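> The structure's right below; bear with me while I get my questions together.
The values are calculated or read from the model by the stated rules, or taken from the named source; none is laboratory data. Here the structure is a predicted model, which means the values were calculated and not measured. Here Cβ is always computed from backbone atoms with ideal geometry, including for glycine, and neighbour counts include all displayed protein chains.
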Amino acid sequence: MTAKQQIRKKYKTLRNEMSNSEVREKSDQICKRIISIELFQNAEKILAYAPLGNEVDIRLVIEEGWKQNKHIAFPKVFGDTMKYFEISDFSELEEGTFHVMEPKEDHPIDWSDALVLVPGVAFDRKKNRMGYGKGYYDRFFEGKSGCIELGVAYELQVAEQLPTEENDLPMSYLVTEKNLW
């Protein structure tokens, strides 16, 4: 097992050991923090995600975004790429690749100036992100310099330092239930 695989296993285990009530409580704290920050308040377009398992549940952020007439899009996987599709209701999602809820839409948007809420397995204090190892987000962010990447995680997912490679792009910001970097 490689070092990255060991790190992924460690942080997935920590996250998966959280109780449903702990996930709900910490997700709510993170959502309130996101909604209160200027990044969210100023964003007209948000690229979101549908949580899988014990990932931070950001539905409160999405619902608040819709209340504020923000445009919100979700990712859908096509082979090795990921494209986003704007939706206006959770009913527009269906189970897709890797059992993740994806948009039913087939007309992708190409926003280069959005706030992007990014899940991950682990992050570090320098805002480096470790995903599931498929590289979807890294490939998506290539050439999207106008986007603001906001890593979304629980405090227990934040390491002191993660190993990085040349193609690993750090987040612009990282938010947990306790901090915003």
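> Any idea which residue in segment 51-72 is surrounded by the fewest Cβ atoms within 10 Å (Cβ to Cβ), counting only those that are over 18 Å from residue 113 (Cβ atoms) and free of Cβ contacts under 8 Å to residues at least 12 places away in the same chain?
Filtering segment 51-72 for residues over 18 Å from residue 113 (Cβ atoms) gives 51-64, 66-67.
This time we only want the ones that are free of Cβ contacts under 8 Å to residues at least 12 places away in the same chain, so: 63, 67.
On the way: 63: 14, 67: 8.
The residue in question is 67.
> Checking residue 81 against (1) closer than 14 Å to residue 117 by Cβ; (2) β-branched (Val, Ile, Thr); (3) over 15 Å from the mean Cα position of the chain (by Cα): exactly one of these is not met. Which one?
So the condition that residue 81 fails would be (1).
> Tally time: how many residues in segment 122-167 are charged (D, E, K, R), touching a Lys or Arg at 6+ places or on another chain (Cβ under 7 Å) and surrounded by 14 or more Cβ atoms within 10 Å (Cβ to Cβ)? Please lay out each step first, then the result.
Looking only at segment 122-167, we keep the residues that are charged (D, E, K, R), and these are 124-127, 129, 134, 138-139, 142, 144, 149, 155, 160, 165-166.
Applying the additional criterion that residues be touching a Lys or Arg at 6+ places or on another chain (Cβ under 7 Å) yields 155, 160.
Going one step further and asking which of them are surrounded by 14 or more Cβ atoms within 10 Å (Cβ to Cβ), we end up with none.
Counting residues in segment 122-167 that are charged (D, E, K, R), touching a Lys or Arg at 6+ places or on another chain (Cβ under 7 Å) and surrounded by 14 or more Cβ atoms within 10 Å (Cβ to Cβ) gives 0.
> Then there is this: Could you please give the count of residues in segment 14-46 that are polar (S, T, N, Q), more than 18 Å from residue 71 (Cβ to Cβ) and either free of Cβ contacts under 8 Å to residues at least 12 places away in the same chain or touching a helix residue (DSSP H, G or I) at 6+ places or on another chain (Cβ under 7 Å) (or both)?
First pass over segment 14-46, keeping only residues polar (S, T, N, Q): 16, 19-21, 27, 29, 36, 41-42.
From what's left, more than 18 Å from residue 71 (Cβ to Cβ): 16, 19-21, 27, 29, 36.
Right, trim to either free of Cβ contacts under 8 Å to residues at least 12 places away in the same chain or touching a helix residue (DSSP H, G or I) at 6+ places or on another chain (Cβ under 7 Å) (or both) and you get 19-21, 36.
Of the residues in that region, 4 qualify.
> List the number of the failed condition for residue 18; all other conditions in (1) under 18 Å from residue 129 (Cβ atoms); (2) at pLDDT 95 or above; (3) in a loop (DSSP other than H, G, I, E, B); (4) not polar (S, T, N, Q) hold.
In the conditions (1) under 18 Å from residue 129 (Cβ atoms); (2) at pLDDT 95 or above; (3) in a loop (DSSP other than H, G, I, E, B); (4) not polar (S, T, N, Q), residue 18 misses (1) alone.
> Still on this model: Take residues that are of a type in the set (A, V, I, L, M), more than 26 Å from residue 13 (Cα to Cα) and in contact (Cβ under 8 Å) with a residue 24 or more places away in the chain and tell me which of the strands (runs of 3 or more DSSP E) falling wholly in segment 96-181 contain 1 or more.
On the way: elements: 101-103, 115-118, 122-124, 148-152, 173-175.
Filter on segment 96-181 gives 115-118, 148-152.
> Scan segment 57-81 for residues that are modelled with pLDDT of 95 or more and of a type in the set (A, V, I, L, M, F, W, C) and jot them down.
Result: 58, 60, 61, 62, 66, 72, 73, 74.
> Hey, another quick one. Hey, any hits in segment 72-95 for a residue that's among the small types (Gly, Ala, Ser) and part of a helix (DSSP H, G or I)?
The answer is yes, given that some residue of segment 72-95 is among the small types (Gly, Ala, Ser) and part of a helix (DSSP H, G or I).
> If you don't mind, there's one more thing I want to ask. Does residue 54 qualify as being more than 14 Å from the chain's Cα centre (by Cα), more than 23 Å from residue 172 (Cβ to Cβ) and modelled with pLDDT of 95 or more? Steps first, please.
Working: more than 14 Å from the chain's Cα centre (by Cα): no; more than 23 Å from residue 172 (Cβ to Cβ): yes; modelled with pLDDT of 95 or more: yes.
For residue 54, the condition - more than 14 Å from the chain's Cα centre (by Cα), more than 23 Å from residue 172 (Cβ to Cβ) and modelled with pLDDT of 95 or more - is not met.
> Pick out the one residue from 125, 129 that is under 14 Å from the mean Cα position of the chain (by Cα) and charged (D, E, K, R).
Values: 125 fails: under 14 Å from the mean Cα position of the chain (by Cα).
Just a single option satisfies the conditions, and that option is 129.
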